[in-house]
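The values are calculated or read from the model by the stated rules, or taken from the named source; none is laboratory data. Note that this is a predicted model, so its numbers are computed, not measured. Here Cβ is always computed from backbone atoms with ideal geometry, including for glycine, and neighbour counts include all displayed protein chains. Note: accessible area is taken over every heavy atom of the protein model, side chains too, but ligands, DNA and RNA are not part of it. Shrake-Rupley method; radii C 1.70, N 1.55, O 1.52, S 1.80 Å.
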Amino acid sequence: MGIAISRQLITLEEACNWASAFLGRKISESNISYLIQYGKVKKYGENGSTQISVNDLKKYYQSFNGKREDEWKKKLGNDLNWELSFDNLREKDTTKHVHRLHPYKGKFIPQLVEYFIDNHTDDFKKEIFFKKGDIILDPFSGSGTTLVQASELGIHSIGIDISRFNCMVTDAKLLDYNLDSLAKEVKNINLAIAKFETDGKIEEFEKELFSELTKFNNKNFPSPEFKRKVYKREINENKYAIEKEKEFSSIYKKLISKYKIELEQENNKTFLDKWYIKNIRKEINFAFSQIKKVNDEKNKRALAVILSRTIRSCRATTHSDLATLKEPQITTYYCWKHKKICKPLLSIKYWFGRYANDTIARIREFQKLKNGAHWASITGDSRTVNIAEEIKSRNKKFYKLVESQKIKGIFSSPPYVGQIDYHEQHAYAYDLFGFERKDELEIGPLYKGQGLEAKKSYVDGISQVLINSKKFLAVNFDVFLVANDKWNLYPQIAEKASMKIINQFKRPVLNRTERDKNPYSEIIFHLKLK
């Protein structure tokens, strides 16, 4: 198997061709560059003449791709459906178009939705569950992954979420925009933010800090050599990181003193007080004041999501703790993600500009893919909401479809027991936009723990959602629920909802952002009426 290459060192193009033939799937130059950047294979050559060892490449793919499936199955069981790992996909594929409009902890990748609701060819899909023109429901819609994919496939969709912020993100993804108007508004706001100054010393401070960081990191964490040494375990990363972090800290403190930079805010009462450096907080307030002046409600919503995405990235925390905050980080630190010394952010300007351009591009791409489907995003409690009445108040044409053909089924990922506080993960947005929080109505939140009472409450909550949803489902409905059911609660949930589990698919969850990379799986339960 593979292309015969007599030379030890090969070019990136040759590496792509060799790896594509060896693995039986398309491998791009960006895939190979990623392996070099993160020290998985060694780089040879300089000044645009990058080469790599074909033996290094072969060892990597044999050990990583060949053994990973076997290792995961040893730990998680032979019933693991490796096809559902989607391990052949790049991050670019799993975060395509509007799916990356805003980060959301706990969402599934769009390909998982496509696999179960699209009628392509493989053994499982000999039976078609959803087709163009059907209506699908996601009663835990989160940031709208199911609705976006349904829209792309021409399937009408309804999403329900208790979080007002989640529904705002979903709306921003699915709204039909006048792209010229949106691009103009985005440009105007971006220019206003770029010109806004709160402290003239910040820019000079950042320039000198960046210069010192670059020199320090080039010397002590040369890339990709350092990453490769870590990957090959030739260096004690923990010990080395502590030593170098302390070394650069003295340089940082001298610069703070030199420019008289104020890092902390006067108050510490709200999320925005605690997790943002003083200059950033002022810039956030200014940006929001500009967005509030925008007249077009669709454009205003898109701009609000850009600002929210920006301020999430600009919290005073480490890069590896963005998903789960620990303590405010206002000093330089060793970054486990980037394998070098990183600094806290002191301005939103770069990130707002970057996300503004990215958002326009993603919305533009998705607008071309939409397939004429109706959609509705409802802020409410899925245990009690009257879906038909909510649709009727929004879209009479869609309401007639719901009444005449009913909802064909559900594809959803319910919250897991005691794992995430869904309101708290976007506390910055609730603080800024003044949305009402309804933490007490979350099912299975982290703050309630994972004890017996929490599990009982979870079973009751999920089953109540299914019971309420059934009122609006077609007779021969199909329900697909994605869950990490380590306590075997879903048989009880199905029983209480008068449903039966007719099939289940166990998938490995790869490419998680947490530093804990232990093998982890989830199950897609297929339920029908009992």
Point to revise | Verdict on residue 485 being open to solvent by less than 10 Å² (accessible area, probe 1.4 Å), of a type outside the set (A, V, I, L, M, F, W, C), in contact with a strand residue (DSSP E or B) (Cβ under 7 Å, 6 or more places away or on another chain) and not in a helix (DSSP H, G or I) | key: no
Check your understanding: Looking at region 435-450, is at least one residue of a type in the set (A, V, I, L, M, F, W, C), closer than 25 Å to residue 136 by Cα and part of a strand (DSSP E or B)?
Key -> no
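So, in region 285-301, exactly how many residues are open to solvent by 60 Å² or more (accessible area, probe 1.4 Å), part of a helix (DSSP H, G or I) and free of Cβ contacts under 8 Å to residues at least 60 places away in the same chain?
Looking only at that region, the number is 2.
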Revision key, fill the gap. Quick count over region 211-235, residues being modelled with pLDDT of 95 or more and open to solvent by 60 Å² or more (accessible area, probe 1.4 Å), is 3
Point to revise | Boolean, residue 248 is of a type in the set (Phe, Trp, Tyr), open to solvent by less than 20 Å² (accessible area, probe 1.4 Å) and at pLDDT 95 or above | key: yes
Review point. Of all residues in region 341-398 being closer than 30 Å to residue 287 by Cα and β-branched (Val, Ile, Thr), which is most open to solvent (accessible area, probe 1.4 Å)?
Key: 379
Review point. Scanning region 458-482 for residues that are open to solvent by less than 30 Å² (accessible area, probe 1.4 Å) and of a type outside the set (A, V, I, L, M, F, W, C), which turns out nearest to residue 525 (Cα to Cα)?
Key: 478
Exercise for review: Starting from region 411-439, take each residue that is over 24 Å from residue 526 (Cα atoms) and list its partners that are surrounded by 22 or more Cβ atoms within 10 Å (Cβ to Cβ) and aliphatic (A, V, I, L, M), counting only C-beta distances under 6 angstrom and pairs at least six apart or across chains.
Suggested key: 428/311; 438/162
Review point. Under 9 Å by Cβ, and 6 or more places apart or on different chains, what pairs join a residue from region 210-223 that is in contact (Cβ under 8 Å) with a residue 40 or more places away in the chain with one that is among the polar types (S, T, N, Q) and open to solvent by 60 Å² or more (accessible area, probe 1.4 Å)?
Key: 217/223; 223/37
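Yes/no matrix, rows are residues, columns are (1) more than 23 Å from residue 451 (Cβ to Cβ); (2) out of contact with any helix residue (DSSP H, G or I) (no Cβ under 6 Å at 6 or more places or on another chain):
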| position | (1), (2) |
| --- | --- |
| 477 | yes, yes |
| 488 | no, yes |
| 496 | no, no |
| 501 | yes, no |
| 509 | yes, yes |
Review point. Of the residues in region 173-186, how many are in a helix (DSSP H, G or I) and in contact (Cβ under 8 Å) with a residue 40 or more places away in the chain?
Key: 8
Point to revise | Only listed residue being in contact with a Pro (Cβ under 8 Å, 6 or more places away or on another chain) and surrounded by 21 or more Cβ atoms within 10 Å (Cβ to Cβ), chosen from 169, 148, 186 | key: 148
Check your understanding: Across region 353-389, what is the number of residues that are under 25 Å from residue 99 (Cα atoms), of a type in the set (Asp, Glu) and part of a helix (DSSP H, G or I)?
Key -> 2
Practice item. Could you check how many residues of region 355-384 are of a type in the set (Asp, Glu) and within 27 Å of residue 396 (Cα to Cα)? Key: 1
Review point. Got at least one residue in region 399-410 being crowded, with 17+ Cβ neighbours inside 10 Å and without any contact (Cβ under 8 Å) to a residue 40 or more places away in the chain?
Key: yes
Practice item. Test residue 282 against the stated conditions and say whether it is surrounded by 17 or more Cβ atoms within 10 Å (Cβ to Cβ), in contact (Cβ under 8 Å) with a residue 40 or more places away in the chain, among the charged types (D, E, K, R) and touching a Leu at 6+ places or on another chain (Cβ under 7 Å). Key: no
